[in-house]
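Where a number appears in this text, it was derived from the coordinates with a stated rule and is not lab data. Quantities reported herein were computed from a predicted structural model and do not represent experimental measurements. We place every Cβ from the backbone using ideal geometry, glycine too, and count neighbours over all the protein chains shown.
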Amino acid sequence: MKHELKTEKTEAGREGTLSLWGDLTMACARENKDVLLEALENVDTLHLNLQDVESVDVSLIQIICAAHRECAMSGKKITLYEPGEVVGELLSKAGYCKQLGCPEGLKATCLWGNARVSC
């Protein structure tokens, strides 16, 4: 897995875009989680760019969902800036495009309900 975090100071606080590419499967789940958590430590708002992901499985969805819940509890924000074709296909196959979204209180910010994915 390869990654790059670009950050900038905005009126809303510190924002960053985390671009991930390469293999984002269970074999790299620990590294994927660590990279995401480290990025969240450095910003108030994190935008995920997954456009160039080559391989992915549901472990990534689970890690991102957990990060989203953590952000909601800590006052931070995470968005799915660009899911890309590979991640979009997984979201569709896994049924995330058809789901109702997050539990009450998080529905307005649900990553999958707001993702630009054609299902």
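Just a few scattered comments:
- Full extension of the chain between D57 and K2 gives 18.2 nm of extra length, using 0.36 nm per residue less the Cα-Cα distance.
- Cβ-based exposure ranking for V56, V43, in which fewest neighbours within 10 Å come first: V43, V56
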